[in-house]
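First the structure, in the form of structure tokens, and then the observations on it.
The values are calculated or read from the model by the stated rules, or taken from the named source; none is laboratory data. Quantities reported herein were computed from a predicted structural model and do not represent experimental measurements. Note that each Cβ is placed from the backbone with ideal geometry, even for glycine, and that neighbours are counted across all protein chains shown.
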Amino acid sequence: MNTGNIYQESELVLLLKQRHEHAFNYLYDHYSGSLYSVIVSIVPDRELANDLLQEVFIKIWRQIESYDNAKGRLFTWMLNVARNASIDAVRSKNFQQSQQNRELTENVYDEGGSIQTNTDKIGLRKIVHKLKDEYKVLVELSYFEGYTQDEISKMLKIPLGTVKTRLRTALFQLKQVIKA
Amino acid sequence: MDINAYIQSGIIESYVLGLSSAEETAEVEMLRIQYSEIGRAIDEFSLAVEEIAMQNAISPPPEVKENIRVAINKKKPVTDTVAFLGENKKEVPVVPFTKTYQWKMIAAASIILFVASSFLNYYLYNQYNNNKEAYQALLSQRETLQVNNQMYQTQLKEWQLAAVMMADTGMATVKMHSIKGKDDAATVFWNKQSKDVYVMVNNLPEPRTGKQYQLWAMVDGKPVDAGLLDPSCVSVCKMKNIPKAEAFAITLEKEGGNRAPNLKAIFVMGSI
């Protein structure tokens, strides 16, 4: 493990908590690309993804106080902020309506309003697609689409206990795939 | 506790990816203090996920950074610091805001119009009240003037009559002198033909309340009631008809007069 990086990260967090703007600039320059890829892996609409990236960085700036580096890495925290914001956006009523409209338009004219990303080919989601189907679907629904295990159990008609253990196995498998 | 089995159960990955339940999260956070292996496994997977994201980084459009810079330099709401997990269910940025913006404009415009018209109404109502008061004042002023005018007209007529009467050669004029020597307290006019009697008050003191002046005619040495002096009479006041008299006297009597004069209260006398 690189202790130099950890020290740098805690220093960065300290500067962010003191509201140093140059620390925020560094944070953005360093992490915007990776967080954007996280958002884009969940939200296909690029314009919405841009708005979300903005929202996520504003949240990080305003809520940096609530980050505790004893509980995990800064990136892990920011990743969760980005994922939560993205899932909220995707699961919101407005978004689902606009997606339906888009699909209708595409059927007729074969073109959408704004740039759409193929979310399956981005970052972690792409790796998840290497898993067996029965594992893949659980990670997809829970991590990328934000369904609760209870919802998944009803959706797939699998007992809740099975969803729980199978998802755990799927995530451990995912780790093995990443390592490989 | 079999830590290796725990680590290989998928709980670590579930925790790092934010998929663990609240109890599971608390459990992991407690165990990582006890078992350094757990902490290491967490760091390892966190770093792996971070590296994937870093390797797959996609450059966002440059304007996003500028938008953020502008947004965070604005005054921020104080209430914004909340725990981050699953917290932002409410604020979703996908709103068709051109429409709501229009409605906001319309609402704002109507509020402004309403406020403006309220002020105007208030102003006009005040103006109206002021004018009404001024008008009422003018009305009452006009009434007073009219009454005064009538009063002067009546007085003028009385004085005209008095002047005609005094010019009449058949009129006997009796100057009434006070007993204390004060001259010209009143004048009695006696028409020798018609025997009418008039009194002109020149300088009688104001009677006390409950008292009134009474005129007497001395006929064959005896006083005869010639009438009460009306306090409202300002010029020449007509009294009773007296066929014959040697002298006149004015006494102060009780209000309404007496049948016989109170001779102690003689104010003025005058003989023909």
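Summary table
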| item | result |
| --- | --- |
| Given (1) away from chain A (no Cβ under 11 Å); (2) farther than 17 Å from A:Arg73 by Cα; (3) surrounded by fewer than 17 Cβ atoms within 10 Å (Cβ to Cβ), index of the condition B:Glu37 fails | (2) |
| Sole exception among (1) surrounded by 15 or more Cβ atoms within 10 Å (Cβ to Cβ); (2) in contact (Cβ under 8 Å) with a residue 60 or more places away in the chain; (3) of a type in the set (A, V, I, L, M) for B:Ile272, by number | (1) |
| Filtered residue count, the range B:13-34, keeping only those that are within 21 Å of B:Glu51 (Cβ to Cβ), within 8 Å of chain A (Cβ to nearest Cβ) and not in a loop (DSSP other than H, G, I, E, B) | 3 |
| Hits in the range A:133-149 - residues which are of a type in the set (Asp, Glu) and surrounded by 13 or more Cβ atoms within 10 Å (Cβ to Cβ) | A:Glu140, A:Glu145 |
| Test: residue in the range A:3-15 that is within 8 Å of another protein chain (Cβ to nearest Cβ), modelled with pLDDT under 90 and out of contact with any Asp or Glu (no Cβ under 8 Å at 6 or more places or on another chain) | no |
| Any hit, the range A:163-176, residues being closer than 25 Å to B:Asp43 by Cα, outside any helix (DSSP H, G or I) and within 12 Å of chain B (Cβ to nearest Cβ) | no |
| A:Ile152, sole failed condition from (1) at pLDDT below 90; (2) crowded, with 19+ Cβ neighbours inside 10 Å | (1) |
| Count of residues meeting criterion [surrounded by 13 or more Cβ atoms within 10 Å (Cβ to Cβ), within 14 Å of A:Asn25 (Cα to Cα) and more than 7 Å from every other protein chain (Cβ to nearest Cβ)] in the range B:42-75 | 1 |
| Selection status of A:Ala49, assigned to a helix (DSSP H, G or I), more than 7 Å from every other protein chain (Cβ to nearest Cβ) and crowded, with 20+ Cβ neighbours inside 10 Å | yes |
| Within the range A:62-77, tally of residues that are assigned to a helix (DSSP H, G or I) and surrounded by fewer than 20 Cβ atoms within 10 Å (Cβ to Cβ) | 4 |
| Members of the range A:60-76 found to be closer than 19 Å to A:Leu27 by Cα and either within 7 Å of chain B (Cβ to nearest Cβ) or among the small types (Gly, Ala, Ser) (or both), listed by number | A:Trp61, A:Arg62, A:Gln63, A:Glu65, A:Ser66, A:Gly72, A:Arg73, A:Phe75, A:Thr76 |
| Hits in the range B:216-252 - residues which are without any contact (Cβ under 8 Å) to a residue 60 or more places away in the chain, under 54 Å from the mean Cα position of the chain (by Cα) and assigned to a loop (DSSP other than H, G, I, E, B) | B:Leu229, B:Asp230, B:Pro231, B:Ser232, B:Cys233 |
| Subset of the range B:26-54 [in contact with a helix residue (DSSP H, G or I) (Cβ under 6 Å, 6 or more places away or on another chain) and within 20 Å of A:Thr165 (Cβ to Cβ)] | B:Val28, B:Leu31, B:Ile38, B:Ala41, B:Phe45 |
| A:Lys157 vs. criteria modelled with pLDDT of 75 or more, within 12 Å of chain B (Cβ to nearest Cβ) and exposed (fewer than 13 other Cβ atoms within 10 Å of the Cβ) | no |
